[in-house]
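Enquirer: I have a structure I would like to understand better, so I am pasting it below and will then ask my questions one at a time.
Only the coordinates and a few stated rules stand behind these numbers; no lab work does. Predicted, not measured: the structure shown is a model, and the values here were computed from it. Here the Cβ positions follow ideal geometry from the backbone for every residue, glycine too, while neighbour counts run over all protein chains shown.
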Amino acid sequence: MRSSNTFETRLVDAIQPLRMFVTAAALTHLFDSGLYDELAEPKGISSLVAAGRDETRVITLLRFLVNEGYVREGRATFCLTDKGKSLSEFRGWYTMLVGGYGTTFLQLGDALRAGSPPATRNAQLVGIGSCAISHYDAIPLTRRLMARTPVPCRRLLDLGCGNALYLVEFCRECPEIVEAWGVEPDERGYNAAVEHVRISGLEHRIKLHCAGALEFLDSSFDGTPDLTVLGFVLHEILGQAGEEAVVSFLNRLITRFPELHIIVIEVDDQLTNPRVMAGGLGLAYYNAYYLFHPFTSQRLASPAFWEGVFARAGLEIVAQDTTTPDIDSTGLEVGYLLRRRAPTSR
Ligand SMILES: C[S@@+](CC[C@H](N)C(=O)[O-])C[C@H]1O[C@@H](n2cnc3c(N)ncnc32)[C@H](O)[C@@H]1O
């Protein structure tokens, strides 16, 4: 009998992470190149290369994915398999983790050195990927928190809006939103937001600004939002400018707009909690999610930390919620509805 513990069997086991690494990269490019959408129906190679693609490289990429079970090759045609089609809801995770942070993961080694600069990331794809993920988790969570405000939102401000997906979805759903503003500091992310709003035909209701949240607050913006969303943005500001800057930013926000409600979405830092990290989504997503933060000047924190920040900024918690268990049962995503704390009466 042949031993199952040969060098080759051990090699195959040992390099499975490499196979997953390359497959994740190949799938991300399948999505981003547009090939994924084109392959919903069988396509001949001449049609796939008509848009100026290199024939040999396209065929090789597709045959790699044939071997991984995502693509089927027929008589001179290619199309997605059922396994390939089943990825369509999940492309945002690829856009964020490979498109946005792929470059970061390749720089981990250099960035380990004390005093080294942060690793780079593709902030445009971070924003686009994050919004695509939020469509399933944070946008429904925001919607539930929005429903807890005393009157429906009419003027919505999204700080760190990525490609403006929240604004587009909420403006479509809520005709009572008469004006909305999106603020995004990354220039390419801002351009993606401009394009998304244009394609959605909502330019008359959504105005976009290319700025960081702190600079935006100091600008001559003359709108009066009644609701502001900060979806996964406070931990960016915390990493960039520190705790006092976050407290002062939130305080200035409600000083400038005293009637404002604020929705904050953050992720609880539970990297060392074995109960969470051993679970399906813990290992499939959050383990990598936690990894890139300290390498890119972002600082995650616990709910207790954020609640202390809110209290110091003069805010009170109106409602608190997390994702529904069918979407994400870890409970790691925390959403707060906040408003200015009423002065205590004597
Ligand atoms: C993780 S993404 C979140 C995108 C979207 N808000 C969501 O909930 O999916 C973080 C976004 O914050 C933006 N950002 C980073 N620093 C910021 C700052 N100082 N002010 C405002 N936005 C910032 C990034 O460019 C990126 O689009």
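Enquirer: So which residues in region 154-206 are part of a helix (DSSP H, G or I), touching a Lys or Arg at 6+ places or on another chain (Cβ under 9 Å), of a type outside the set (A, V, I, L, M, F, W, C) and within 16 Å of the ligand (Cβ to nearest atom), if there are any at all?
Expert: Scanning region 154-206 gives a single hit, Glu169.
Enquirer: Ala119 is checked against (1) within 16 Å of the ligand (Cβ to nearest atom); (2) within 29 Å of Glu187 (Cβ to Cβ); (3) in a helix (DSSP H, G or I) and fails just one. What number does that condition carry?
Expert: All conditions are met except number (3).
Enquirer: To continue, here is another question. Does at least one position in region 305-327 carry a residue that is over 22 Å from Ala147 (Cβ atoms), within 23 Å of the chain's Cα centre (by Cα) and assigned to a loop (DSSP other than H, G, I, E, B)?
Expert: no
Enquirer: So, of the residues in region 31-60 that are touching a strand residue (DSSP E or B) at 6+ places or on another chain (Cβ under 8 Å) and assigned to a helix (DSSP H, G or I), which turns out to be nearest to Glu89 (Cα to Cα)?
Expert: The selected residue is Tyr36.
Enquirer: So which residues in region 30-77 are surrounded by fewer than 15 Cβ atoms within 10 Å (Cβ to Cβ) and in contact (Cβ under 8 Å) with a residue 24 or more places away in the chain?
Expert: Listed by number, the residues that qualify are Ala40, Glu41, Gly44, Gly74, Ala76.
Enquirer: With respect to Ala288, determine if the residue is in contact with a helix residue (DSSP H, G or I) (Cβ under 8 Å, 6 or more places away or on another chain) and loosely packed, with under 15 Cβ neighbours inside 10 Å. Don't jump to the end; show me each part of the working.
Expert: Working: in contact with a helix residue (DSSP H, G or I) (Cβ under 8 Å, 6 or more places away or on another chain): yes; loosely packed, with under 15 Cβ neighbours inside 10 Å: yes.
In short, yes.
Enquirer: (1) closer than 30 Å to Ser297 by Cβ; (2) crowded, with 17+ Cβ neighbours inside 10 Å: which one isn't true of Ala25, the others all being true?
Expert: Here Ala25 clears every test but (2).
Enquirer: For region 223-253, how many residues meet the condition of being more than 8 Å from the ligand (Cβ to nearest atom), of a type outside the set (Lys, Arg) and over 14 Å from the mean Cα position of the chain (by Cα)? Write out each step before concluding.
Expert: Looking only at region 223-253, we keep the residues that are more than 8 Å from the ligand (Cβ to nearest atom), and these are 223-228, 234-235, 238-239, 242-253.
If we keep only those that are of a type outside the set (Lys, Arg) as well, we get 223-228, 234-235, 238-239, 242-251, 253.
Remaining after also requiring over 14 Å from the mean Cα position of the chain (by Cα): 223-228, 238-239, 242-251, 253.
Counting residues in region 223-253 that are more than 8 Å from the ligand (Cβ to nearest atom), of a type outside the set (Lys, Arg) and over 14 Å from the mean Cα position of the chain (by Cα) gives 19.
Enquirer: Across region 81-102, what is the total count of residues that are part of a helix (DSSP H, G or I), loosely packed, with under 15 Cβ neighbours inside 10 Å and polar (S, T, N, Q)?
Expert: Looking only at that region, the number is 1.
Enquirer: Return the total of residues in region 207-221 being part of a loop (DSSP other than H, G, I, E, B) and away from the ligand (no atom under 14 Å from the Cβ).
Expert: Of the residues in region 207-221, 1 are part of a loop (DSSP other than H, G, I, E, B) and away from the ligand (no atom under 14 Å from the Cβ).
Enquirer: Right, something else. Checking Ser297 against (1) in a helix (DSSP H, G or I); (2) within 15 Å of the ligand (Cβ to nearest atom); (3) in contact (Cβ under 8 Å) with a residue 60 or more places away in the chain; (4) not hydrophobic (A, V, I, L, M, F, W, C), which single condition isn't satisfied?
Expert: Evaluating Ser297 over (1) in a helix (DSSP H, G or I); (2) within 15 Å of the ligand (Cβ to nearest atom); (3) in contact (Cβ under 8 Å) with a residue 60 or more places away in the chain; (4) not hydrophobic (A, V, I, L, M, F, W, C) leaves (1) as the failure.
Enquirer: Are any of the residues in region 91-103 more than 28 Å from Leu18 (Cα to Cα), within 12 Å of the ligand (Cβ to nearest atom), in contact (Cβ under 8 Å) with a residue 12 or more places away in the chain and polar (S, T, N, Q)?
Expert: Scanning region 91-103, I find no residue that is more than 28 Å from Leu18 (Cα to Cα), within 12 Å of the ligand (Cβ to nearest atom), in contact (Cβ under 8 Å) with a residue 12 or more places away in the chain and polar (S, T, N, Q), so the answer is no.
Enquirer: Would you pick out the residues in region 254-289 that are closer than 14 Å to Leu230 by Cα, out of contact with any Gly (no Cβ under 6 Å at 6 or more places or on another chain) and within 15 Å of the ligand (Cβ to nearest atom)?
Expert: Passing the criteria: Ile262, Ile263, Val264, Glu266, Val267.
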